[in-house]
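Trainee: One structure, pasted below without further comment.
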Amino acid sequence: MREITVLSGGVGGARFVRGLLHGIATGSVPGVGADARVTVVANTADDWWLHGLKVCPDLDTVMYTLGDGIDPERGWGRREETWHAKEELAAYGVERAWFGLGDRDLATHLVRTQMLEAGYPLHQVTEALCRRWFSERQNVRLLPMSDDRVETHLVIPDEDSPSGRRAVHFQEYWVRLHAEVPAETVLVVGQDDCSPAPGVLEAITGADLVVLPPSNPVVSVGTILGVPGVREALVATDAPVVGISPIIGGRHVHGMAQQLLATIGVEVSAGGVGRHYGSRRGEGVLDGWLVAEDDADQLDGLHEAGIAAAAVPLLMTDDDATAAMAAAAVSLVRP
Ligand code: GDP
Ligand code: CA
């Protein structure tokens, strides 16, 4: 297997790809040689415009993680970050000063916004930004799912509104409200009319393996699958498609996946998410699905749904553990 394509969100997807690259470099992923290349297609429906700047949190999390610029504890944002600009904005009473905008990170958004305003599409801007971060990694490239503006909004109850509800941007729901208010609906604004970024469909149809990493099934992988053409490419590709559960023992590991699974009516379990993605033999996108050892009782249901499945350790505690997950994923679907 030479060409591996990963459909990624932010923290969970980025950690997985870093472990996969570690596994490739150490020769610990069966059937994947040292010359293998990884294409990461990242979710851009978390993106937003903030203080006049285009912020792409999942693209940046992948870029910083693979470029060793990530803050290891937080899992997002730059290491050795300071927050002076954010404090100054708050002191001016600027709205949305609750968003975690670090001083170092700000430089990325400034460069990106200037390039976008000069007319470069997001995939070219991303490529330019990655040149700095991936100089040591010639075997990986990062693509946004789309160059077009696509934004996840959540409809939440609001007593003060005449309709009794209002829509908030994903970042407000996630960062300011901590997903504590149950969302009624997930709206992915702009999705029906967006196009996949150049290279995205080719990366799926031309791959030897496609991986759905343990990213959020609704607002990371779900939004990528919703880009017109992506599902069709997953159905059409000759490559096996394998996924890894972000849900262990009926709850997410980090983040807030379980709240939004409830919103879209999917059972909050490893098996529930696997069946939600579905088997490629039916209407779905998966050939294989890994669940955690604690979720071995879910395997029968997955097999009945036509999905090859196995239970293995799924905690990305370090790159070796994550590489072992990648190896198990490949073994599950290797022709
Ligand atoms: P985000 O965009 O930053 O929210 O990141 P992703 O969507 O890529 O990943 C978030 C998901 O990663 C969450 O639903 C977590 O449950 C999952 N996750 C985080 N760490 C781990 C881990 O060590 N193992 C597994 N299986 N899932 C994890
Ligand atoms: Ca995200």
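Trainee: Restricting attention to the range 262-279, which residues are open to solvent by less than 50 Å² (accessible area, probe 1.4 Å) and either within 16 Å of ligand 2 (Cβ to nearest atom) or of a type outside the set (A, V, I, L, M) (or both)? Lay out the reasoning, then the answer.
Mentor: Residues of the range 262-279 open to solvent by less than 50 Å² (accessible area, probe 1.4 Å): 263, 266, 268-274, 277-279.
Selection gives THR263, SER269, GLY271, GLY272, GLY274, TYR277, GLY278, SER279.
Residue-wise test of (1) farther than 26 Å from GLU180 by Cβ; (2) within 16 Å of ligand 2 (Cβ to nearest atom); (3) of a type in the set (A, V, I, L, M, F, W, C); (4) open to solvent by 10 Å² or more (accessible area, probe 1.4 Å).
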| position | (1), (2), (3), (4) |
| --- | --- |
| GLU202 | yes, no, no, yes |
| VAL227 | yes, yes, yes, no |
| GLY243 | yes, no, no, no |
| LEU260 | no, yes, yes, no |
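Trainee: Follow-up. Can you pull out every residue in the range 32-66 that is away from ligand 1 (no atom under 11 Å from the Cβ) and assigned to a helix (DSSP H, G or I)?
Mentor: Across the range 32-66, the qualifying residues are MET63, TYR64, LEU66.
Trainee: Could you pull out every one of the helices (runs of 4 or more DSSP H) wholly within the range 210-275 that has 1 or more residues that are assigned by TED's automatic domain parsing to the domain that holds GLY288, more than 24 Å from ASP192 (Cα to Cα) and not β-branched (Val, Ile, Thr)?
Mentor: Details: elements: 221-225, 230-236, 257-263.
So the answer is 257-263.
Trainee: Taking the range 67-109 only, how many residues are under 23 Å from SER135 (Cβ atoms), open to solvent by 60 Å² or more (accessible area, probe 1.4 Å) and assigned to a loop (DSSP other than H, G, I, E, B)?
Mentor: Adding up the residues that qualify gives 5.
Trainee: Could you say which residue among GLY206, GLY249 is surrounded by fewer than 22 Cβ atoms within 10 Å (Cβ to Cβ) and within 16 Å of ligand 1 (Cβ to nearest atom)? Steps first, please.
Mentor: Working: GLY206 fails: within 16 Å of ligand 1 (Cβ to nearest atom).
Exactly one of GLY206, GLY249 is surrounded by fewer than 22 Cβ atoms within 10 Å (Cβ to Cβ) and within 16 Å of ligand 1 (Cβ to nearest atom), namely GLY249.
Trainee: Got a number for residues in the range 1-31 being over 21 Å from GLU127 (Cβ atoms) and within 11 Å of ligand 1 (Cβ to nearest atom)?
Mentor: Qualifying residue count for the region: 5.
The values are calculated or read from the model by the stated rules, or taken from the named source; none is laboratory data. This is a predicted model, so every value here is computed, not measured. Every residue, glycine as well, gets a Cβ built from its backbone with ideal geometry; the counts of neighbours run over all protein chains shown. These area figures cover heavy atoms from the full protein model, side chains too; ligands, DNA and RNA do not enter into them. Shrake-Rupley method; radii C 1.70, N 1.55, O 1.52, S 1.80 Å.
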